[in-house]
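Right, one structure below, let's go through it.
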Amino acid sequence: MILVTLGPKSDDEDTWQQMAAAGADAFRVPFAKETPAAQFDKCQRIKRCKWTHRQPTVLADLPGGKPRTANVSTISLAAGDKIRLVAGTSASENAPYQIGVSFMPSDWSLNDTLIFGDEELLARIVAEGNCQYECVIEKGGALRQKRGIVNRSRPHSYATITEFEHRIFQDTRSGLVDGYIFSFVDSVGDIMLAREELSLHGWQDRLLIAKVETAQGLANISEILAASDGVLIGLGDLLVEVGFQNFFKTLDGGLLQVKKRLETRKPIIIGTELLEISSVRKTPYRAEIGFVGYVLARGCTGLLLSGETTVGDQPYGAVAWARQLLLGEVLRDTEKL
């Protein structure tokens, strides 16, 4: 299965048709990145498209309870800069910076280290009060829009269903999607809660894909797979939680479980940034191909493309490469890579 994320570089019908022709099986619509109205409009456009190939399945990716920044533009921050994190929308995106956060945890504390996005920025909390946190940037970089925040100093456990998800299910436009990807699923209990919520609003016939992003979730992945319609293993948050030293050991433990359940024929998808270099060049690096081969050999049956199709210059080319890898048709002439 090739699951393709839609974004700025893949927001038109021509590109959708090209990606479907190249082998895209499903479109991932990330509700954390744009307003629900904008994403539902995109789902409607997909449904109205006159497909020359089979229409990909439409999956709404729900964000769960992970804190995310609310800045509306990219902010360049250097080591030593100070920022204030506040609940809600951003109040100031010029120095002194005040950055809104969608959900403000109450258990962060002094000297905790915060990771923004895929470790584009690191900040340390130096003061707290009234659910606000003063931070000093320790590793500078660009703070892009709606980036997730992880507290490296303490274990993180995020809710799978929040008030945001409740509002999505109450919206009649949810009928435009074929299924949902639920974030931060750690146990079968999270799946049961999600199914109850879907049934409550009349969406019980929709696909339920469990996004597993923590060590606890990987430890329970066999049971999660049995209770859901498929799993999506999110590498980014897992890597942040367990660190480089324990990453492959933790991942191998989860993949060993799912390999024993291949007879279920449910999709076992892994992402993201698998073929990231294809965003700017025609062929992936051999290291990327090697890692994809590694996860496929251990039982994964699907690949998630994210930046490759949201901001990459040739989204359909990335889809074609993913399809070749999934089918075992990788070019053997390494000189061409």
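None of the figures in this text is laboratory data; all of them are computed from the coordinates on show. Quick caveat, the model's predicted, so the values are computed rather than measured. FYI the Cβ positions are ideal-geometry reconstructions off the backbone, even for glycines, and counts take in every protein chain you see.
Figures for the structure shown
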| quantity | calculated |
| --- | --- |
| Relative contact order (percent, whole number), the chain, Cα cutoff 8 Å, 6+ residue spacing | 18 |
| Over segment 186-257 - Rg/Rh using Cα atoms and the Kirkwood inverse-distance radius | 1.04 |
| Separation of the ALA142 and SER199 label points, Cα + 7 Å toward Cβ, nm | 4.7 |
| GLN132-SER109 pseudo-label distance in nm [points 7 Å out on the Cα-to-Cβ vector] | 2.3 |
| Most to least packed among 118-125, 218-225 [average Cβ atoms within 10 Å] | 218-225, 118-125 |
| Longest to shortest principal axis, alpha-carbon extents of segment 190-331, angstrom | 46, 35, 29 |
| Pair ASP118, ARG281: separation of 7 Å Cα→Cβ label points (nm) | 1.6 |
| Convex hull volume of segment 138-272 per residue (C-alpha atoms, cubic angstrom) | 128 |
| Of all DSSP beta bridges in the chain, antiparallel share, percent nearest 5 | 45 |
| Part-to-part distance (alpha-carbon centres) for segment 9-47 and segment 265-331, which is given in Å | 18 |
| Computed helical MRE - 222 nm, the chain, DSSP H runs ≥ 4 contributing -39500 (n - 2.57), nearest 500 | -10000 deg cm²/dmol |
| Shape metrics for the chain, restricted to C-alpha atoms - Rg then Dmax, Å | 19.8, 60 |
| Centroid-to-centroid separation of segment 136-160 and segment 63-93 [C-alpha atoms, Å] | 10 |
| Largest to smallest principal axis extent of the C-alpha atoms in segment 75-151, angstrom | 26, 24, 21 |
| Hull volume in cubic angstrom per residue (convex hull over the Cα atoms of segment 59-116) | 117 |
| Table column - 3J(HN,Hα) (Hz), segment 143-154, Karplus curve with 6.51, -1.76, 1.60, x for Gly and Pro | 8, 7, 5, 6, 8, x, 10, 10, 8, 5, 7, 8 |
| Those residues of segment 300-326 whose amide nitrogen sits under 20 Å from the label point placed on CYS49, 7 Å along Cα→Cβ | 303-324 |
| Solvent-free Debye scattering, log10 I(q)/I(0), computed from the Cα coordinates of segment 80-206 at q = 0.12 Å⁻¹ | -0.58 |
| Set LYS9/LYS33; LYS9/LYS282; LYS66/LYS259; LYS33/LYS282; LYS211/LYS260; LYS42/LYS211 screened for pairs whose C-alpha atoms are more than 24 Å apart | LYS66/LYS259; LYS33/LYS282 |
| Residue of ALA38, ALA70, ALA322 that the Gaussian network model of the chain assigns the largest fluctuation, springs spanning Cα pairs under 10 Å | ALA38 |
